[in-house]
1. Test of understanding: what is the full-extension gain from ASP68 to SER85, defined as 0.36 nm times their sequence separation minus their Cα-Cα distance?
2. Under the 0.36 nm per residue contour assumption, what length would be gained going from the current alpha-carbon distance of GLN97 and VAL162 to full extension?
3. Could you work out the mean projected area of the convex hull around the alpha carbons of the chain, in square nanometres to one decimal?
4. Could you tell me how far the Cα centroid of the range 41-55 sits from the Cα centroid of the range 79-152, in Å?
5. Between LEU23 and LEU132, what's the calculated FRET efficiency when r is the beta-carbon distance and R0 is 25 Å? Round to 0.05.
6. What order, most packed first, do the peptides 36-43, 79-86 have when packing is the mean number of other Cβ atoms within 10 Å of each residue?
7. With a Förster radius of 25 Å, plug the Cβ-Cβ distance of GLN31 and LYS147 into 1/(1 + (r/R0)^6) and report the FRET value to the nearest 0.05.
8. Translational diffusion coefficient, Stokes-Einstein: compute it for the range 33-120 using the Kirkwood radius over C-alpha pairs as Rh, at 37 °C and 0.692 mPa s, and state it as an integer in µm² s⁻¹.
Amino acid sequence: MSQVTPPIREYEHRFDIFEPGDLTALICVDQPDVQGKLVDQLTSLDYKLHVGLFPEDISMKLKTHIYDVVVIDEHFAGCQLNTNSVLYEAIHLAGSQRRNQFVALIGTSVQTNDEMMAFILSVDLVFNIADLENFKPVLRRGVARQKEFYQAFLEQAKAVGVA
């Protein structure tokens, strides 16, 4: 009796080609069902995507591209929230890069849109996986709020030549 290998889904290794002006996202989620729903929702928001396969891959991607959105699973690669190397690297990027990225942490231990928890964890949005069907509108609203918040700062930074 031969075993049937499950088909590899296109989004599990998604690596779109980015052009200047594209909205870009990096998905650091290794649960196929959650990853698929995120890919579908981000694609419908016109993001071009890269999927992080393992922590070293994600580290390289974060160093070589400034993504508009980075979505990180609190338990990516079997880590606990306090030992998640991907989260640590994403929130400790240089300020000039970090300001231009919207970092969303998803998991079961956080409440969707808990601004205090997002502040404590140094991310822009926390999102509970149980609310996954609503990720698209919550992300869209969060990204818009971040742009509004940083707009005056970024304009001033450009004016004085530091951005």
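Every number in this text was worked out from the coordinates using simple rules, so none of it is lab data. Keep in mind that what you see is a predicted model, and the values were worked out from it rather than measured. Neighbour counts are summed over all protein chains in view; Cβ atoms, including those assigned to glycine, are modelled from backbone coordinates with ideal geometry.
1. Here the segment from ASP68 to SER85 would lengthen by 4.1 nm.
2. Working: separation 65, 0.36 × 65 = 23.40 nm, distance 1.22 nm.
Once the chain is fully extended between GLN97 and VAL162, it gains 22.2 nm.
3. For the chain, averaging the hull's shadow over all directions gives 11.0 nm².
4. Cα centres, the range 79-152 to the range 41-55: 15 Å.
5. 0.80
6. Packing order, densest peptide first, comes out as 36-43, 79-86.
7. Once the sixth-power term is evaluated, E becomes 0.30.
8. Numbers: Rh = 13.8 Å.
After rounding, the answer is 239 µm²/s.
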